[in-house]
Amino acid sequence: MTIEFLKRKANWVRKQVLEMAVNAGAGHIAPSFSCIDILVALYYGGILRVDSKNPLWLGRDRFILSKGQVAVALYAILADLGFFSKKELMSFTCDGSRLGGHTENTIPGVEAFTGSLGHGLSIGAGIALAGKLNRKKYLTVVLLGDGECHEGSIWEATMFSAQHKLNRLVAIIDYNGLSATDYLKNYLDIEPLKKKWLAFGWEVRITDGHNIKKLLNTMEDLRRRKSEKPLAIVAKTVKGKGISFMENKPIWHYRIPLGEELEKARRELCIDES
């Protein structure tokens, strides 16, 4: 997969997320847009080993979307990869749909029911420990929100993971600087974030969460790492990335564009409305 292909794929996912949310009148568009490039690098860039024809393949890598409110983005990717039909995407949060606002593990390709923030890293640590005890080689990758790092359970899981040398566990922090209603620095700053993860016994890498080439370079050696430490990747992102009036604006955490706003969003994502 070329970098240009991956960029186009990320734009397609943004378009799909927008249309799914608009159709449903629900969904976290801006939080999804901040991590779409990360998800594309993982699923299309050769990082995660998964099989849409055999979702429960024992050798698969385990991906936990701890930042469960962005399920809409993961659904688009899983359907595109063939885990279930793309026709199902537009049923997102509609009556009778299995595609709820948060991920559920009844959906092919989804490992855990998430969205109650702070739980995903603990789940991932347990899965990684099981893999280590059973001498399995799969990776366990957990995507966290930065506001989610306010939760004490996150830091309990970091201590546990370092203690048990879970070196095939990777935590990716979607660091956009915003929580649901405000900038983190205004009410509970998480800095110095790198030093915190280092102090808890993890290896830490910093990268640009919207530069797919840099994301791939940051993650390309995950299977070859010699360190006994788990790995934290702090991916610096922009909430709402891709739609100018949503970028870095707290009001867009759970808001759906309508009217002129929707037309502008579609133009910026180059959606053909014909």
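The values are calculated or read from the model by the stated rules, or taken from the named source; none is laboratory data. The structure presented is a predicted model; accordingly, all values stated were derived computationally and were not measured. No Cβ is skipped: glycine too gets one built from the backbone with ideal geometry, and neighbour counts run over all protein chains shown. Remember, those area values only see protein heavy atoms, side chains included, never the ligands or the DNA or RNA. Shrake-Rupley method; radii C 1.70, N 1.55, O 1.52, S 1.80 Å.
Before moving on, here are some points about what is shown:
- Looking only at region 182-205, and only at residues there that are in contact (Cβ under 8 Å) with a residue 40 or more places away in the chain, assigned to a loop (DSSP other than H, G, I, E, B) and on the phi < 0 side of the Ramachandran plot, the one that is surrounded by the most Cβ atoms within 10 Å (Cβ to Cβ): 202
- Candidates 73, 30, 21, 79 - the one that is without any contact (Cβ under 8 Å) to a residue 24 or more places away in the chain, among the hydrophobic types (A, V, I, L, M, F, W, C) and in a helix (DSSP H, G or I): 79
- Against the test of being in contact with a strand residue (DSSP E or B) (Cβ under 8 Å, 6 or more places away or on another chain), over 28 Å from residue 130 (Cβ atoms) and at pLDDT 95 or above, the options 189, 174, 182, 208 yield a single qualifying residue, 208.
- Taking first residues from region 240-261 that are touching a residue at least 40 places away in the same chain (Cβ under 8 Å) and partners that are part of a loop (DSSP other than H, G, I, E, B) and among the acidic types (Asp, Glu), the Cβ contacts under 7 Å between residues at least 6 apart in sequence or on separate chains come to 240/247; 241/247; 250/182.
- Residues satisfying the stated conditions in region 181-234, i.e. β-branched (Val, Ile, Thr) and farther than 25 Å from residue 254 by Cα: 204, 206, 207, 212, 218, 233
- Within region 1-42, being aromatic (Phe, Trp, Tyr) and open to solvent by 20 Å² or more (accessible area, probe 1.4 Å) holds for 5, 12.
- Number of the exception - residue 166 against (1) in contact with a Phe, Trp or Tyr (Cβ under 9 Å, 6 or more places away or on another chain); (2) more than 20 Å from residue 132 (Cα to Cα): (2)
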